[in-house]
Amino acid sequence: MAVVAKRAGKPVAEGPLWARNWAKFGKAADRAQLDDILVFHRARGSGHVGLYVGEDYFAFHVLGGSQSDDVTITRIAPGTAASPFAGRSTGKTPVTAKPVQLAASGALSTNEA
């Protein structure tokens with residue numbers, strides 16, 4: 001996530017290799033939308049971080065690395081989120097930012113968060 005933020009000219013979270021530190025990054029949002037960073041819990045205090053691509057009725061569609069050992073867009077249920085809309089990649093919401101409704105296709109992830 002740090003490489004993506006840096007290449008986009010955005011600030012990087014403090015301690016960016018620890019996924020849960022991204023929950024302190026930017027400002028919280030009431031609802032996920034394009035340009036949001038999502039932070040998820042994993043066992044034993046670790047986590048997972050990814051970019052919001054869209055959502056369906058059951059899950060967020062998250063672009064991230066280390067998802068099934070690859071960079072993919074994966075469906076992750078919101079109940080696994082440490083804070084479902086934990087961070088913002090900018091302090092100012094872009095005009096184009098909005099929730100994106102997608103079709104519910106593909107299995108829900110069981111190993112990312």
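Here HIS48 fulfils each of the conditions (1) within 16 Å of ALA23 (Cα to Cα); (2) modelled with pLDDT under 70 apart from (2).
Of the listed requirements (1) within 22 Å of ALA103 (Cα to Cα); (2) crowded, with 18+ Cβ neighbours inside 10 Å, MET1 misses just one: (1). Scanning region 98-113 for residues that are over 17 Å from ASP35 (Cα atoms), of a type in the set (A, V, I, L, M) and either modelled with pLDDT under 65 or outside any strand (DSSP E or B) (or both) yields a total of 4.
Look at region 63-97 and say how many of its residues are at pLDDT 60 or above and on the phi < 0 side of the Ramachandran plot.
Within region 63-97, the first condition is being at pLDDT 60 or above, and the residues that meet it are 63-80, 92-97.
Right, trim to on the phi < 0 side of the Ramachandran plot and you get 63-65, 67, 70-80, 92-97.
Selection size over region 63-97: 21.
Being modelled with pLDDT of 75 or more, in a helix (DSSP H, G or I) and crowded, with 19+ Cβ neighbours inside 10 Å narrows it down to one of ALA13, ALA23, ALA32, so name that one.
On the way: ALA13 fails: in a helix (DSSP H, G or I); ALA32 fails: in a helix (DSSP H, G or I).
On inspection, the qualifying residue turns out to be ALA23.
The values are calculated or read from the model by the stated rules, or taken from the named source; none is laboratory data. Since we're looking at a predicted model, the values are computed, not measured. So basically every Cβ, Gly included, is an ideal-geometry build from the backbone, and we count neighbours across all protein chains shown.
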